[in-house]
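For reference, the structure is listed below as structure tokens.
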Amino acid sequence: MRKLLIALAFVASPVAAQDHPDLSGFWAPDFGPVERPQELMDKLPDDVGMVEDTGVEEFPRGEFGELVLTPFAEDQAIEWYPETEMSIARVCLPPGIVYSLQGPFPFEIHQFDDVIVIRYEYFDQTRLVFMDGREHPGEGYPHSKMGFSTGRWEGEELIVETTHLAASTITNNGLNHTDGIVMRERYRLSDDGEQLMATQWFRDREVIENDGARFISWSKREGEHVYPYECDPSFALEYQGIGAE
Amino acid sequence: MTGRGKVAVLAAGMAALALPAMAHHSFAVFFDETRTVSIEGEVTSFRFTNPHGTIALDVTSASGEVEKWRVETTAPVVLQRRRWSRSSLRAGDHVRIDGWPARDGKPYLRLRSATVDGRPVGQAFTVGED
């Protein structure tokens, strides 16, 4: 009888997982134009400021899309000089997920009932999305570049809420968020399951007066996997050496 | 405390909150995506490490003067999927590079495509593929 119960448990698990879309796999960013599902876009708040820096070159200095910067953030952006980032000490510091989610690097999703593991190629970062109904931790919990994420299914869509993010960049051109930012992602698969699409919404009233959002999409590539990133800070010396010889 | 003093203290507090750590520079901040520049010369070194590879090359001008150029590549993790490897370029190779020029006028390009002795190296890039 005990053997039968164990066997049933193993048989039952995959069936339960199939109740939701399976996002597992290797996903590479789409660089060309992608048709945005209206039902996904409609779920963004009406007054959100879109940030269209995904899939093409990022913003140049002084451009922030529809984001409305607070005076504090504007001052920071004006005082930001990109050359200062090209130092041994800074060039290999990983950015936070608010920025890197839109970056041109692939990731792997490993999906389980209680947790979804996202392994990003960019800076070898790993993210856990807890699906077991737990609450976000309190104020004393440490902040990090990946933050603390919980997820839930809403029909065919995966909703991920992230808090406890460490201060980092939003647009990689002088606009930075504080550790008070919160982020919500909404993922859904295309009908054929070959494309993963998401909206990324974020709020940080200390630096932006409206809420920000991006639309991002990735395509599935069977049999591929993320490579080790292993950042080498000596790149900064190469940059500093330009014109010095 | 005066109103002005409160604002100053608040700003200082916010600054302490919002010191970010950043890396991996923005393409559009450093390079002009509306122009392409071609250079040709001899490779003196090739680094194939993230966040960006670099190609150093000597470019001889029409007057015979040698200019030291550097070309930044996309991240090697991405280059690997475009048939590049650590040994794609070697010191002494005669290379032609097409790339996006630095906004500040330095002898610095972002790699778009490369050929060695007329043979293409890997696959070319379009804007935004890092």
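Against the numbered list (1) closer than 28 Å to residue A:90 by Cα; (2) outside any strand (DSSP E or B), residue B:34 comes up short only at (1). One residue alone among B:64, B:99 is surrounded by 21 or more Cβ atoms within 10 Å (Cβ to Cβ) and either within 11 Å of the chain's Cα centre (by Cα) or assigned to a loop (DSSP other than H, G, I, E, B) (or both), and that residue is B:99. Annotation note: Cβ proximity below 6 Å between a residue of the stretch A:30-48 that is polar (S, T, N, Q) and a residue that is at pLDDT below 95 and exposed (fewer than 12 other Cβ atoms within 10 Å of the Cβ) (sequence gap 6+ or interchain) occurs for no pair.
If I filter the stretch A:52-102 down to residues being hydroxyl-bearing (Ser, Thr, Tyr) and closer than 26 Å to residue A:238 by Cβ, which single residue comes out as surrounded by the most Cβ atoms within 10 Å (Cβ to Cβ)? Steps first, answer last, please.
Within the stretch A:52-102, the subset hydroxyl-bearing (Ser, Thr, Tyr) is A:54, A:70, A:81, A:84, A:87, A:99-100.
Filter once more, so that each one left must be closer than 26 Å to residue A:238 by Cβ: A:81, A:84, A:87, A:99-100.
Numbers: A:81: 11, A:84: 10, A:87: 14, A:99: 26, A:100: 22.
Of everything passing the filter in the stretch A:52-102, A:99 is surrounded by the most Cβ atoms within 10 Å (Cβ to Cβ).
For the stretch A:15-122, please list each of the helices (runs of 4 or more DSSP H) lying entirely inside it that holds at least 2 residues being in contact with a helix residue (DSSP H, G or I) (Cβ under 7 Å, 6 or more places away or on another chain) and at pLDDT 95 or above. It would help to see each step written out before you state the result.
Numbers: elements: A:38-41, A:71-78, A:97-100.
Passing ranges: none, list empty.
Listed by first and then second residue, the pairs linking a residue in the stretch A:220-241 that is hydroxyl-bearing (Ser, Thr, Tyr) to a residue that is in a helix (DSSP H, G or I), with Cβ atoms under 7 Å apart and 6 or more places separating them unless they lie on different chains, are A:227/B:77; A:227/B:80; A:229/A:122; A:229/A:123; A:229/A:124; A:229/B:77.
Is at least one residue of the stretch B:73-89 in a strand (DSSP E or B) and either over 27 Å from residue A:60 (Cα atoms) or among the acidic types (Asp, Glu) (or both)? Lay out the reasoning, then the answer.
Going residue by residue through the stretch B:73-89, those that are in a strand (DSSP E or B) are none.
No, every residue in the stretch B:73-89 fails to be in a strand (DSSP E or B) and either over 27 Å from residue A:60 (Cα atoms) or among the acidic types (Asp, Glu) (or both).
Only one of the numbered conditions (1) over 13 Å from residue B:122 (Cβ atoms); (2) touching a helix residue (DSSP H, G or I) at 6+ places or on another chain (Cβ under 6 Å) is not met by residue B:53, and that is (1). For the stretch B:25-55, the set of residues classified as acidic (Asp, Glu) and under 13 Å from the mean Cα position of the chain (by Cα) consists of B:32, B:33, listed by residue number.
Just to be sure, is residue B:115 touching a Leu at 6+ places or on another chain (Cβ under 7 Å), modelled with pLDDT of 90 or more and of a type outside the set (A, V, I, L, M, F, W, C)? Let's see the steps before the verdict.
Working: touching a Leu at 6+ places or on another chain (Cβ under 7 Å): no; modelled with pLDDT of 90 or more: yes; of a type outside the set (A, V, I, L, M, F, W, C): yes.
No: the conditions fail for residue B:115.
Can you pull out the residues in the stretch A:203-238 that are in contact with a Gly (Cβ under 6 Å, 6 or more places away or on another chain) and among the aliphatic types (A, V, I, L, M)? Across the stretch A:203-238, there are no qualifying residues.
Scanning the stretch A:88-104 for residues that are in contact with a Lys or Arg (Cβ under 7 Å, 6 or more places away or on another chain) and either more than 7 Å from chain B (Cβ to nearest Cβ) or over 15 Å from residue A:124 (Cα atoms) (or both) yields A:96, A:97, A:102.
The values are calculated or read from the model by the stated rules, or taken from the named source; none is laboratory data. The shown structure was predicted, so the numbers you read here are calculated from the model rather than taken from an experiment. Virtual Cβ from ideal backbone geometry, glycine too; neighbours counted across all protein chains shown.
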